[in-house]
1. So which pairs qualify, if the first residue must be in region 26-41 and over 11 Å from Q185 (Cβ atoms), the second must be assigned to a strand (DSSP E or B) and among the polar types (S, T, N, Q), the Cβ gap must be under 9 Å, and the two must be at least 6 apart or on different chains?
2. Here's a check for you: in region 149-158, which residue that is within 22 Å of P197 (Cα to Cα) and touching a residue at least 24 places away in the same chain (Cβ under 8 Å) is surrounded by the most Cβ atoms within 10 Å (Cβ to Cβ)?
3. Considering only residues that are at positive phi and either modelled with pLDDT of 95 or more or part of a loop (DSSP other than H, G, I, E, B) (or both), which ones fall in region 158-186?
4. Collect the residues in region 203-222 that are of a type in the set (A, V, I, L, M, F, W, C) and under 19 Å from T127 (Cα atoms), keeping them in residue-number order.
5. Got a sec? Which of G167, G184, G146 is surrounded by fewer than 17 Cβ atoms within 10 Å (Cβ to Cβ) and more than 15 Å from Q104 (Cα to Cα)?
6. So, in region 215-228, exactly how many residues are in contact with a helix residue (DSSP H, G or I) (Cβ under 7 Å, 6 or more places away or on another chain) and surrounded by 15 or more Cβ atoms within 10 Å (Cβ to Cβ)?
7. Looking at this structure, is Y72 hydroxyl-bearing (S, T, Y), part of a strand (DSSP E or B) and at pLDDT below 95?
Amino acid sequence: MDIGLSVATSGLIATQQGVSVYANDLVNANTSAFQATAPIFAGLPAQLQPNAALAAAVPGASAQQSLGSGVYVAGQEPMSSPPIQTTGIPTDLAITGGGYFAVQTPAGVAYTQDGQFSVDASGTLVTQTGQVVLSTAGKPITVPSGSAQSVQIDPQGNVLAGGKSVGQVGIAQFANPQGLVPAGQSSFVVGPNSGAPTLGALPAGVSLTPGAVLGSSTDVSQTLVAMMDLSRSFALDAKAATNSSQMLAWAAQIS
């Protein structure tokens with residue numbers, strides 16, 4: 001493929017992927033504990049091309065030249081941290097400092113920073129989607145019958161029913177949280193690069209705020225501006241691809 005067309009095509013693909021990242025941020029602008037991200041663009045490895053004309057005209061010049069081959073999305077980087085939003089609900093819990101709540105799902109244990117908790121009909125502490133919140137021992141936390149209305153959680157993660165502790169919310173930490181794999185519903189699962197979780201009581205550096213939850217870190221205005229910038233880049237790349245195609249067509253006609 002012609003180098004000009006190849007570079008323009010890589011730009012089209014990368015900008016489209018970048019727009020998808022920002023679109024996902026906008027969709028989750030009201031999702032609790034959602035961490036907005038921005039695409040990370042990087043250059044593809046340069047290619048060596050023959051340049052005999054330059055070598056013949058300039059003494060000491062190389063017979064090869066290095067040409068950029070395009071751009072790609074190398075990953076995503078977190079934007080600002082999700083804000084703490086006060087709810088006043090005694091079973092809600094906002095977590096900051098890099099920790100995660102461990103929850104039991106039908107597919108296994110997942111991890112989330114969404115602390116919208118409540119007590120279900122069986123007296124078990126669950127998330128808003130019905131996932132069971134696990135204790136420091138990796139077990140469900142249940143409250144005595146008839147005490148659901150008095151349940152509250154303190155800043156150490158202790159679940160209190162009638163003023164008495166019935167368990168402590170487990171906090172998981174990872175060597176590389178960026179390696180966690182999204183599993184939907186603001187939850188994640190262990191990934192190949194995340195490292196194994198360490199589950200236990202509230203660790204140093206992690207804070208819990210009762211009666212509050214994390215909001216979404218999406219900045220709608222900033223995200224819209226970024227999407228507009230990428231849309232302009234997409235239009236320029238599309239024009240470059242069209243020009244390259246026309247030049248190839250003309251060259252074919254001449255030859």
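1. Between residues of region 26-41 that are over 11 Å from Q185 (Cβ atoms) and residues that are assigned to a strand (DSSP E or B) and among the polar types (S, T, N, Q), the close pairs are T37/Q76; A38/Q76; P39/Q76; I40/Q76.
2. Among those that are within 22 Å of P197 (Cα to Cα) and touching a residue at least 24 places away in the same chain (Cβ under 8 Å), it is G157.
3. Result: G162, G163, G167, Q185, S186.
4. L208, A212, V213, L214
5. Testing whether each residue is surrounded by fewer than 17 Cβ atoms within 10 Å (Cβ to Cβ) and more than 15 Å from Q104 (Cα to Cα) leaves just G146.
6. Residues meeting the conditions: 4.
7. Values: hydroxyl-bearing (S, T, Y): yes; part of a strand (DSSP E or B): yes; at pLDDT below 95: yes.
Considered against the rule, which asks whether it is hydroxyl-bearing (S, T, Y), part of a strand (DSSP E or B) and at pLDDT below 95, Y72 comes out as yes.
Let's see how each residue does on (1) touching a Gly at 6+ places or on another chain (Cβ under 6 Å); (2) farther than 19 Å from D114 by Cβ; (3) free of Cβ contacts under 8 Å to residues at least 12 places away in the same chain; (4) not charged (D, E, K, R):
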position: T209; (1), (2), (3), (4): no, no, no, yes
position: L214; (1), (2), (3), (4): no, no, no, yes
position: V220; (1), (2), (3), (4): no, yes, no, yes
position: V225; (1), (2), (3), (4): no, yes, yes, yes
position: D229; (1), (2), (3), (4): no, yes, yes, no
position: S233; (1), (2), (3), (4): no, yes, no, yes
position: K239; (1), (2), (3), (4): no, yes, yes, no
position: Q246; (1), (2), (3), (4): no, yes, yes, yes
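The values are calculated or read from the model by the stated rules, or taken from the named source; none is laboratory data. Please read these numbers as outputs of a predicted model, since none were measured by experiment. Glycine gets a Cβ as well: all are built from the backbone with ideal geometry, and neighbour counts include every protein chain shown.
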